[in-house]
Structures are given as structure tokens and as C-alpha cells.
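Student: Below is the structure I would like to discuss, written out as C-alpha cells.
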Amino acid sequence: MNIEKGDLIVLTLEGRFDVIVHGCNCFCSMGGGIARAIQEKFPEAYSADLATIKGDQKKLGSFSFATINRNGREVTIVNGYTQFQYHGANVLVDYDAVRKLFANIKREFSGKRIGYPKIGAGLAGGDWQIIASIIDEELTGEDHSVVLYSP
């Protein structure tokens, strides 16, 4: 896993990544964190999320996506379903869903430059060390980077 500092969206628009992945809940609510920024900057990704069944727990570990063109570059925005709920006091991220998601990402986007935030470790309350280990295992051999937000 590469570690970069910056703004995932800005880096993507500058051409650093072919695919970006962010964690979503199963209720089509992109109301906080980087999901909100993605909804605003890439409404196509939000439309892809809205095309899924709201509240369907079977989405865990799967994803929806939109491939878009910005600034003459093609990028795929992946909405990864890593948590069922979007609020609550407990840890919301589902570690098994994270594993399944990144196994699916490798199958679908192998060979691409993949970027992501600390999925599941922010608003979802997960342990980044556990999540990072899962991502590293599932994306072995891939060019992938966590972007630590820095304006």
C-alpha cells in the first residue's frame, strides 16, 4: 500500500488515479465525509448509488460505479458497500464486507491505479490497522494508495 497525502478528488482530477474507491452504506445516503464530496463533485457516482436497492443488506461487499470523463481524463468512481447503517454509536464498518469489496475491486480493476481514503476508519469507526491489512492482502500486486487528507 502506497501512502500519499493530499485530496483524493484533486489528485484524481490531476490524473493520479484511474479508479477511486470510497466506502458507502446500504441506504444510498452520501451525506458525510468524502462520500458527500464525491456526491457533489461526481453526481454520476451518486446516481449509480441511487440505482441500487435502498436498505438492501445484500449489497455489503459489492459496489456500484460510474466511469466519467473530467478534464479529458477517464476515471471510475466506485461506491463500495462497506457498512449497512450510516449512523449509530457502534463500529459501523463491516470488515468482511471490506474484504469482499476489495477482492471484487481486484477482479474488476486489476492493473489500474487505485486510490482510496481510510475507508471505514472515519465516520464508520473502524480500526484502520485491520482495514489496511485487509486491503493489502486483497490488492496484492496492484498499484494502490491510501490518500491521507491534507488540504
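The values are calculated or read from the model by the stated rules, or taken from the named source; none is laboratory data. Quantities reported herein were computed from a predicted structural model and do not represent experimental measurements. Cβ atoms come from the backbone with ideal geometry, glycine included; neighbour counts cover every protein chain shown.
Student: Please verify whether the stretch 142-149 includes one or more residues that are of a type outside the set (D, E), touching a residue at least 24 places away in the same chain (Cβ under 8 Å) and surrounded by fewer than 18 Cβ atoms within 10 Å (Cβ to Cβ). Let's see the steps before the verdict.
Tutor: Restricting attention to the stretch 142-149, the residues satisfying the condition of being of a type outside the set (D, E) are 144-149.
Pick out the ones that are also touching a residue at least 24 places away in the same chain (Cβ under 8 Å) and you get 144-149.
Pick out the ones that are also surrounded by fewer than 18 Cβ atoms within 10 Å (Cβ to Cβ) and you get 148-149.
Yes - at least one qualifying residue is present in the stretch 142-149.
Student: While we're on this one: Of all residues being part of a loop (DSSP other than H, G, I, E, B) and aliphatic (A, V, I, L, M) in the stretch 113-140, which is modelled with the highest pLDDT? Just the residue, please.
Tutor: Among residues in the stretch 113-140 that are part of a loop (DSSP other than H, G, I, E, B) and aliphatic (A, V, I, L, M), the one modelled with the highest pLDDT is L139.
Student: Among the residues in the stretch 50-64, are any under 18 Å from L139 (Cβ atoms) and touching a residue at least 60 places away in the same chain (Cβ under 8 Å)?
Tutor: Looking only at the stretch 50-64, we keep the residues that are under 18 Å from L139 (Cβ atoms), and these are 61-63.
Checking which are touching a residue at least 60 places away in the same chain (Cβ under 8 Å) leaves us with none.
No: zero hits.
Student: Given the conditions (1) closer than 22 Å to P151 by Cβ; (2) without any contact (Cβ under 8 Å) to a residue 24 or more places away in the chain, which single one is not true for I34?
Tutor: Among (1) closer than 22 Å to P151 by Cβ; (2) without any contact (Cβ under 8 Å) to a residue 24 or more places away in the chain, I34 violates only (2).
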